[in-house]
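Notes for the one structure printed next.
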Amino acid sequence: MTYFGINPERVIPGVMWVHVLLFVPFIAGLVMLKRSRGRSYDLFDDAPHWMRWVVGIFFAYAAINFVSFFVLSEGGARPRIDAGRYVLSLHGDLIRELSEDEFHLYGAYVVRVFSGHWMLLASFALLMMTSAKRASDDLRERQTPAIEARRHRLPSPWAAHFGEGRSSGEDCDQEAVEIEWLPEGKTPELESRGLRPGKTQTQAVARGGSRRNLPAEPASSKTGYLGLGLFTLCVVLILTRHPGLNVLALGILVVFAVLSIRRRRGFPQESFESMTGCFAVFPSFFVAGLMGKTIAELTYVLVIVGLSEALGGSVEVLIAEDRPAQLSNGDPLRGRYWGAASVFILFPTVVVGLLGLTHLAEYVGRYLEIGRKRKALRTP
């Protein structure tokens, strides 16, 4: 309907109540999952193959729909009526005035972006309920296993994965568990080994070869001071709101964002290694948001006006409550270009800034909270 320029809110005034109605099947699915089993990782395993495809397709559609909404709605702006005028506003700031037809067209964009999420949540709720029902039926028919375990060298294809010729006593201690199905009863051995009852099978459990729950790694004093200095430098550069300086800060943070992703410990792979890094997330997100907005404005000015004006900051985007959005040189803001800059520049920049700043804060925390403590313990 929205693809034909029709605003569903005009045809069905209560269409946005779907927000509330979706909670019913979603909560029902969560309750059914809770009653059927306590392990959420079985969710997709127990669902039909075609249903998993449907959820994946709706997820892709919701993501594409979300991106297109930001471009079409000129950066996520929404239509509203202000003092008898049809206007397009973003967080209370006036973008521009609209005609009645444009007002309903932008209203259709809003319903369209929500409808993509409605389809995703509804299909996911159906998947949860179906998975829970299948798990419950399987549990009734299932006989409780008793475990007879013996350690031995794992044959192929496990040997190819864990290393050919590796014995059970080396770094990655593997245990092949053969399950024999016996009459129903409690299975504390299964729970202690992290195994799940299922159809007759042989389960291999890797102990000692996992990357998870690695101990926090201490940082040297040089690393800690380097992290503190670069964190402070990047924050100062970003808070100046100067486009050229923000580009410099972005270049630094890209390096440390890549390092944080490649690292096997800590955020974002695992839990934080220090309280300093954990507490730095929210201020880092705020600062990264400022950088993202500045870089998005720089990109827009670069495309519309030119490189020198963009890097020098002589022309900037002005968005206020009492007048339409425009550039400081008087040119009106081109909404579709601004929307594209918001999606493809602002969001990725915020993510990069958050990862980079948090990684630098973790350097400081790993030195102050772990490195110095271990050094003190080693001192006689």
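What follows draws every value from the coordinates through simple rules; no lab data is involved. These figures come from a predicted structure and were not determined experimentally. For neighbour counting, all protein chains shown are included, and Cβ atoms are generated from backbone atoms with ideal geometry for every residue, glycine included.
Of note:
- Peptides 323-336, 115-128 ordered by average Cβ neighbours within 10 Å, highest first: 115-128, 323-336
- Mean separation of Cα contacts under 8 Å (6+ apart) over length of the range 221-378, as relative contact order %: 39 percent
- Label positions at Ser221 and Asp331, each projected 7 Å from the Cα along the C-beta direction, are separated by 5.4 nm.
- Long-range HN-HN contacts of Asp93 with modeled amide H, under 5 Å: none
- Around Val111: net Lys/Arg minus Asp/Glu count, Cβ-Cβ under 12 Å: +2
- Simple spin-label estimate for Trp50 and Phe286 in nanometres, 7 Å along Cα-Cβ: 5.2 nm
- Listed values for the range 121-132 are Karplus-derived 3J(HN,Hα) couplings in whole Hz (6.51 cos²θ - 1.76 cosθ + 1.60, θ = phi - 60°), namely 5, 5, 5, 5, 4, 5, 5, 4, 5, 5, 4, 5, and x replaces Gly and Pro.
- Projecting the Cα atoms of Tyr109, Phe23, Val71 onto the dipole axis of the range 2-141, where Lys and Arg carry +1 and Asp and Glu carry -1 at the beta carbon, places Phe23 farthest toward the positive end.
- From largest to smallest, the equivalent ellipsoid semi-axes obtained for the range 251-380 from the alpha-carbon gyration tensor read 40, 13, 12 Å.
- Phi angles across the range 51-59 convert, under the Karplus curve 6.51 cos²θ - 1.76 cosθ + 1.60 with θ = phi - 60°, into 3J(HN,Hα) values of 5, 5, 5, 4, 4, x, 5, 5, 5 Hz, Gly and Pro given as x.
- Stretchable slack from Val351 to Ala60, in nm (0.36 nm times residue separation minus alpha-carbon distance): 102.8 nm
- Overall, the range 2-141 carries a charge dipole of about 480 debye about its Cα centre when +1 sits on the Cβ of Lys and Arg and -1 on the Cβ of Asp and Glu, all other atoms neutral.
- Of interest is the spacing of the C-alpha centroids, which for the range 239-269 and the range 58-109 amounts to 32 Å.
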